[in-house]
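What follows is a single structure, written as structure tokens, with notes after it.
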Amino acid sequence: MKTDSAPATTIVATPGRLEWPEEKALPKRNATFAHIMSRIKSVLKHVGLLAAAVTMIYPVVWMVVSSFRPADRIFREPGLIASDFTTDNYVYGWDALSYGALDLPFGLFMTNSMIVVIGCIIGNVFSCSLAAYAFARLKFTARTILFAAMLLTIMLPSHVVLVPQYIIFSKLGLVGTFWPLILPKLLATDSFFIFLMVQFIRGLPKELDEAALIDGCGHFRIFFNIIMPLMVPAIATTAIFTFIWTWNDFFGSMIYLQGNPRMYTVQLGLRAFQDSAGSTNWGSIFAMSVLSLVPIFLAFLFGQRFLIKGIATTGIK
């Protein structure tokens, strides 16, 4: 009599134990499940980052679109699609400001801001690099104490020293000129950049200095011929941050340049649109705001490679 029997099960023998074939599929299933979960987490993370990016960039995009709308439709059509495209806001905004007999084109404010920015960049790069070289390479009395005091000034708000600084510049007759905005940069007053450059210089091999000293070089020649060419990433980082902070500075310009309209920077020029007439021309404000963002965008676009490299190589995380 023939009877049906269950198919034979193959037992895999391994040293020390018997392994059933069903056990081999478990690691593969676990790996597949882990891969799927990893992909889901990655997709959710990118969706969250994309949503955050859209949230942050939306006001800028809306301002750019609104700068091409007629002034009476800016707040009536809050979307990102302009039904009536016009460049009148740029044409009018460029020559809209005047103080009595003074015609003040917006290009004058851009030029003033550029003068201040260039002066501040030169001052910070030159003075802060010299101070950083002294702290990083030279041995002098109370170096540690002075370096600690310099770091403490990072936590000191700039508004604390505003009144004494204003009194000094007023007695020197410099209020109403660009010097109160540029002169402090020539005296290494930005401790953040000094610290950044000190960290960078400490990462350079001291054997370069020792070899130069053996060849008869002094400290100034070592700094200008050896150290400074190697500090390009740190110098570029200093220049980019100084450009952005100085270009966007409103408070300092308002304090020292308020009484001289021909010395106004971009930020004071934008504020003047609200004071030049009884009503505010938002179209012109948005148009000139877009133009004021172009230099910052270009500075970051062409300098981001040096910016990232400078931050990465200074030990600041």
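Computed quantities for the displayed model
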read-out	value
Ordering of 165-177, 210-222 by burial proxy (mean other Cβ atoms within 10 Å per residue, highest first)	165-177, 210-222
Protection proxy ranking of 146-153, 129-136 - average other beta-carbon atoms within 10 Å, highest first	129-136, 146-153
Whole-Hz ³J(HN,Hα) from phi, Karplus 6.51 cos²θ - 1.76 cosθ + 1.60, for region 201-208, glycine and proline x	5, 5, x, 8, x, 6, 4, 5
Most positive-pole-ward Cα, SER170, ALA212, ASN225, against dipole of region 103-312 from beta carbon charges	ALA212
Burial order of peptide ranges 235-241, 86-92, 293-299, 268-274 (average beta-carbon count within 10 Å, highest first)	235-241, 268-274, 86-92, 293-299
Cleavage-rule hits (trypsin sites (Lys or Arg not before Pro)) in region 59-142: DSSP loop, at most 11 neighbouring Cβ within 10 angstrom	ARG76, LYS139
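A short reminder: the numbers here are calculations on the coordinates, not readings from a lab. Values in this document were obtained by computation on a predicted structure and should not be read as measured data. All Cβ positions, glycine included, derive from the backbone under ideal geometry; neighbour counts span all protein chains shown.
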